[in-house]
Each structure stands twice: as structure tokens, then as C-alpha cells.
Amino acid sequence: MQRETERLRLRMWCDSDFEAYAACYADPQLARFIGGVCDRETAWRKMAGLAGHWALRGFGYWAVEERAGGGFVGCVGLWRSDGWPEHELGYWLTPAAQGNGYGVEAGREALAFARDIVRPPSLVSYIDPRNQPSRRLAERLGARLDGRIELLAFGPHDVWRHDV
């Protein structure tokens, strides 16, 4: 299920995304807030898990690319892991794509998809308290801080609540 914004295409994952995806998980600055640095095999499994979430749940994270040129810029979407209490709106961008407003643009489209299609009973973003850019993006998307949760292997995360 593909969606588009003025500058971005939110689409299903494909094999050609892997090199850019693996590079993100090899970058210590970016990977510290998305599960940590990992080797190529683990990155492959993570990307395959994103694709599989769509098959199992009917929603998930999209690969995000620029409409002009098709360059991979990150991912955004909805997630519901087994054992997590609520649906999550998650996102991350490649370092080169940060600071261009892509996060807000993609995040708004994901929120519209949540409201119009998935209709979860609640929607949150779980954000590491040290991740200030992600926190600012949640605020720009209209989310409000609503406590803290211990996320299994990921440790304490702030809960940012979105209106759905």
C-alpha cells in the first residue's frame, strides 16, 4: 500500500533498499536510537521483519524515498509488536535527509493512514529520552508527553501520545 506526499513516496520495502538500510544500521550516531549498530545479516533480518509486519498485521513501516530522484531517506509507519501495550508511530531518517522537513511530511501521512485506515484504539511514539530530534518531531506532529515505559530490551522510553 503506497502513499505519497508532495515530496515523498511511502512504499513497500524492496531488495534494492538494503544497501542504504544496512548503512543506517552501521552508523553509530543513527543506530543508537533504532536498536543499535548491527551487522549486515542482522540488518537484513530487521528489514525483512518490516516487510513481514505488513503481511501479518496489514500495516507497518514504509520505506520512504524522495519522489524526485527516488533516493531512500528512511522509514516511517505503524508498529504493533507482540507484548507492546499500544500501536506505535515510529520513524527515522538517514543523516543526509534530516533537517529537510521530511519527518513532519512523512509523519503526517502516517498519522492520516492510522486515522483513516488502521483506526487503532490509541497511538503513541516511544522515544528514548535522549533523542531530542525525535522528541521535537513528535511535538510537531501534535503528540503530547504522557509518561514513561520500560520497553523490553530497549530500556526506558518516553510515551508521546497522538490523537487518533
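None of the figures in this text is laboratory data; all of them are computed from the coordinates on show. No experiment lies behind these values; they were computed from the predicted model shown. Here the Cβ positions follow ideal geometry from the backbone for every residue, glycine too, while neighbour counts run over all protein chains shown.
A few notes on this one:
- Distance between modelled label sites at ALA112 and CYS38, nm, 7 Å Cα→Cβ extension: 3.1 nm
- Label zone at ARG7 (point 7 Å along Cα-to-Cβ), backbone N below 15 Å, the stretch 107-122: 107-109
- Estimated from helices alone, the mean residue ellipticity of the chain at 222 nm is -9500 deg cm²/dmol (sum of -39500 (n - 2.57) over DSSP H runs with n ≥ 4, per residue).
- For the pair ALA26 and ARG67, the difference between a 0.36 nm per residue extended length and the Cα-Cα distance amounts to 12.2 nm.
- With a cut-off of 11 Å between beta carbons, the residues surrounding SER134 carry a summed charge of +1, where Lys and Arg count +1 and Asp and Glu -1.
- Cβ-Cβ FRET estimate between PHE18 and ARG119, R0 fixed at 35 Å, reported to 0.05: 0.65
- Once the chain from ARG140 to ASN100 is taken as fully extended at 0.36 nm per residue, the excess over their C-alpha distance is 13.0 nm.
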